[in-house]
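Chemist: Questions regarding the structure given below will be posed in turn.
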Amino acid sequence: MRNSMLRSIKSLTTSPSSHVLRRGYASEAVPERKVAVLGAAGGIGQSLSLLMKLNPLVSNLALYDIANTPGVAADVSHINTRSEVVGYASDAELGKALEGADVVIIPAGVPRKPGMTRDDLFNINAGIVKGLCEAIAKHCPNALVNMISNPVNSTVPIAAEVFKKAGTYDPKRLFGVTTLDVVRAKTFYAGKAMVPVAEVNVPVVGGHAGITILPLFSQATPKANLSDEVITALTKRTQDGGTEVVEAKAGKGSATLSMAYAGAIFADACLKGLNGVPDVIECSFVQSTVTELPFFASRVRLGKNGVEEVLGLGPLSDFEKEGLEKLKPELKSSIEKGIKFATQ
Ligand SMILES: NC(=O)c1ccc[n+]([C@@H]2O[C@H](COP(=O)([O-])OP(=O)(O)OC[C@H]3O[C@@H](n4cnc5c(N)ncnc54)[C@H](O)[C@@H]3O)[C@@H](O)[C@H]2O)c1
Ligand SMILES: O=C(O)C[C@H](O)C(=O)O
């Protein structure tokens, strides 16, 4: 389909039945914000598009995929919330999808099957991410980029190199989405610590694959007196959380629903930061000087320009210090693999 506008339906901005809109418009002016989802018709993309349609901070939602976009865009566009939804279905329409975007979320690419590592996705996903980032550099160089496509430890460095080559790189605007690791760590911790899950906070640092995922349960709140054995088991479960889902889905892909939830939380934090909401803090895989590695996930303060501040690791237990040293060689090599791919 050549026409770039597959579906464009303005939401019912005056509908008295919309609680979301009443909340959004009652007392404060909400700025216009465009969010683009690249890979919007996929397992993550569909649920994430739904969740972004429910977000009152979004005024324009651009849904892009190389397959099945019209149906997803038409479907999501019928929801009576603030944002206007437009679907874009081919490479020729990617520029229009990106134009004016404040936040670009990328869940495009293939997922794992049982027995695969995230790095096994590199050969296909590296090229997909590179192409999409070239288009971002051209059409919305100032957007905050939320990279979901795996292997995140390599796709973020690929994006950075593409942007450097285009002369648009701003490390404050590039994020690897590691929120799902935090979501899992919170859930698993709450179960063992017997505390209300909604009150739990756990930083997760490092990267997003196996042992590079390092949850800092010594800093978890509310505090609980968990044994070393339980902490070791919680750490392993968090590191293997993706594999747990891949195996349960038995060949039908990897985490999509929990990832969409996590992606929506992270994009919402980016939008809040852009809108000047103070003290918005999330963990993310960003350019970093927290360790000697050029990219590293840690807590990040978000603001009007993206990353306001990359926060340090805080005090680590001996177990976490050991985990930190163990993860560095693997993370380093994944970062270097991404850089090499993009610069060759
Ligand atoms: N960061 C994380 O925590 C996390 C969590 C879960 C999954 N993932 C990763 O997210 C990616 C997507 O997973 P999924 O389950 O949604 O896969 P999926 O196969 O269900 O969906 C991927 C979508 O990407 C689309 N696509 C492929 N090439 C594209 C391109 N060039 N431009 C636009 N769209 C394109 C496909 O058409 C498809 O609709 C995988 O790489 C997966 O490993 C990351
Ligand atoms: O495990 C995967 O392959 C997908 C994702 O990275 C996850 O953590 O669920």
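Chemist: Under 5 Å between amide hydrogens, which residues at least 5 positions from residue 303 or on another chain qualify, with H placed 1.01 Å from N in the peptide plane?
Modeler: 308
Chemist: Can you compute 3J(HN,Hα) from phi for each residue in region 74-81, using the Karplus curve 6.51 cos²θ - 1.76 cosθ + 1.60 with θ = phi - 60°, rounded to whole Hz and x for Gly and Pro?
Modeler: Result, rounded to whole Hz: 4, 4, 4, 5, 6, 6, 8, 10.
Chemist: Using amide H atoms built in the peptide plane, which far-off residues or other-chain residues are under 5 Å from residue 297 H to H?
Modeler: 206, 207, 286
Chemist: Relative to the longest principal axis of the C-alpha atoms of the chain, give the angle of the C-alpha long axis of helix 122-139, reported between 0 and 90° and rounded to the nearest 10°.
Modeler: With rounding to tens, the tilt is 50 degrees.
Chemist: Between residue 333 and residue 319, what length comes free when the chain is fully extended (0.36 nm per residue of separation minus the Cα-Cα distance, one decimal in nm)?
Modeler: Computed gain between residue 333 and residue 319 is 2.8 nm.
Chemist: In addition: So how strong a dipole does the chain carry about its Cα centre when Lys and Arg Cβ are +1 and Asp and Glu Cβ are -1, to the nearest 20 debye?
Modeler: Taking the Cα centre of the chain as origin, the dipole is about 620 debye.
Chemist: Ignoring solvent entirely, what values of log10 I(q)/I(0) come out of the Debye formula for region 142-182 at 0.23, 0.29, 0.33 Å⁻¹ when each Cα is a single scatterer?
Modeler: -0.72, -1.03, -1.19
Chemist: Residue by residue through region 106-112, what is 3J(HN,Hα) from phi via Karplus (6.51 cos²θ - 1.76 cosθ + 1.60, θ = phi - 60°)? Round to whole Hz and write x for glycine and proline.
Modeler: 10, x, 7, x, 7, x, 6
Chemist: Where Rh is the Kirkwood radius over the Cα pairs of region 34-177, the temperature 20 °C and the viscosity 1.002 mPa s, what D in µm²/s does Stokes-Einstein return?
Modeler: In µm²/s, the coefficient rounds to 143.
Chemist: Measuring from centroid to centroid over Cα atoms, what is the spacing of region 304-342 and region 184-248 in Å?
Modeler: For region 304-342 versus region 184-248, the Cα centre distance is 17 Å.
Chemist: Next up: Can you list the HN-Hα couplings for region 247-261, worked out from phi with the Karplus curve (6.51, -1.76, 1.60; θ = phi - 60°), rounded to whole Hz and with x for Gly and Pro?
Modeler: After applying 6.51 cos²θ - 1.76 cosθ + 1.60, I find 5, 5, 7, 6, x, 9, x, 10, 4, 10, 6, 5, 5, 4, 4 Hz.
Chemist: Can you show me the helix-derived [θ] at 222 nm for the chain, built from DSSP H runs with n ≥ 4 at -39,500 (n - 2.57) apiece and divided by the number of residues, rounded to the nearest 500.
Modeler: After summing the helix terms and dividing by residue count, I get -13500 deg cm²/dmol.
Chemist: Among 304/337; 113/272; 236/328, which pairs are too far apart, with a Cα-Cα distance over 27 Å?
Modeler: Violating the 27 Å Cα-Cα cut-off are 304/337; 113/272.
Chemist: On to the next question. Kindly give Rg over Rh for the chain, based on alpha-carbon atoms, with the Kirkwood expression for the hydrodynamic radius.
Modeler: Here Rg/Rh amounts to 0.96.
Chemist: Once amide H atoms are built 1.01 Å from N in the peptide plane, which residues 5 or more positions from residue 87, or in another chain, come under 5 Å H to H?
Modeler: 6, 7, 63
A short reminder: the numbers here are calculations on the coordinates, not readings from a lab. These figures come from a predicted structure and were not determined experimentally. Here Cβ is always computed from backbone atoms with ideal geometry, including for glycine, and neighbour counts include all displayed protein chains.
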